[in-house]
Amino acid sequence: MEETRTHWKKLINPEYIGAYSLENGKDLTVSIEKVIREMVTGDGGKKEECTVAYLVGQKPLILNRTNSKTITKIYNSPYIEDWAGKKITLYATT
């Protein structure tokens with residue numbers, strides 16, 4: 001029987017999806033609903049403006065530079081408006 005445990009990162013900002021959210025390290029393919037800039041409250045209440053991808057049926061994903069460059073390359077567009085409706089696969093990596 002598999003034990004249910006909680007990753008510490010889930011307690012820091014449970015409003016956003018991250019690698020720790022992926023079940024047993026499995027990949028997760030999602031559709032992007034929209035991408036916007038918004039204020040995000042992080043560790044210790046620190047607020048920061050971030051680029052956030054809202055995903056269909058999932059928590060939002062904070063996009064870092066690497067994520068954004070990858071989506072740009074996959075869909076041949078640097079414009080966030082063009083990413084709506086596109087699918088991306090999330091996976092844990094180092």
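The values are calculated or read from the model by the stated rules, or taken from the named source; none is laboratory data. Here the structure is a predicted model, which is why all the values come from computation and not from measurement. Every residue, glycine among them, receives a Cβ derived from its backbone with ideal geometry; neighbour counts consider all protein chains shown. With ligands, DNA and RNA removed, areas are computed over all heavy atoms of the protein, side chains included. Shrake-Rupley method; radii C 1.70, N 1.55, O 1.52, S 1.80 Å.
By how many degrees, 0 to 90 and rounded to 10, does the Cα axis of helix 65-75 deviate from the longest principal axis of the chain?
Helix 65-75 sits at roughly 50 degrees to that axis.
Please list log₁₀ I(q)/I(0) at q = 0.16 Å⁻¹ for the chain, using the Debye equation with identical point scatterers on the alpha-carbon positions.
Listed by q, the Debye log ratios stand at -0.71.
From the backbone phi of segment 29-40, what are the Karplus-calculated ³J(HN,Hα) couplings (6.51 cos²θ - 1.76 cosθ + 1.60, θ = phi - 60°) in whole Hz, Gly and Pro given as x?
So the Karplus estimates, Gly and Pro as x, are 9, 9, 9, 7, 7, 6, 10, 9, 9, 7, 6, 10 Hz.
Between Tyr75 and Lys46, how many nm apart are label points set 7 Å from Cα along the C-beta direction?
For Tyr75 paired with Lys46, the spin-label model returns 2.9 nm.
Mind checking the full-extension length gain between Thr93 and Leu28? Use 0.36 nm per residue of separation minus the Cα-Cα distance, one decimal, nm. Before the final figure, lay out the partial values.
Numbers: separation 65, 0.36 × 65 = 23.40 nm, distance 1.30 nm.
Value of the extension gain: 22.1 nm.
If you count only protein heavy atoms with a 1.4 Å probe, what accessible area per residue comes out for the chain, rounded to a whole Å²? Could you put the intermediate results ahead of the total?
On the way: 7140 Å² over 94 residues.
It amounts to 76 Å² per residue over the chain.
I want to check a number: in the chain, how many lysine pairs have alpha carbons closer than 19 Å, given a sequence separation of 8 or more or different chains?
Summing the qualifying lysine pairs gives 22.
So how strong a dipole does the chain carry about its Cα centre when Lys and Arg Cβ are +1 and Asp and Glu Cβ are -1, to the nearest 20 debye?
Values: 14 positive and 12 negative charges, 43 e Å.
Rounded to the nearest 20 debye, it is 200 debye.
Work out the FRET efficiency for Asp82 and Ala19 from their Cβ-Cβ distance, taking R0 = 22 Å, and round it to the nearest 0.05.
On the way: r = 25 Å, r/R0 = 1.15.
The computed FRET efficiency comes out at 0.30.
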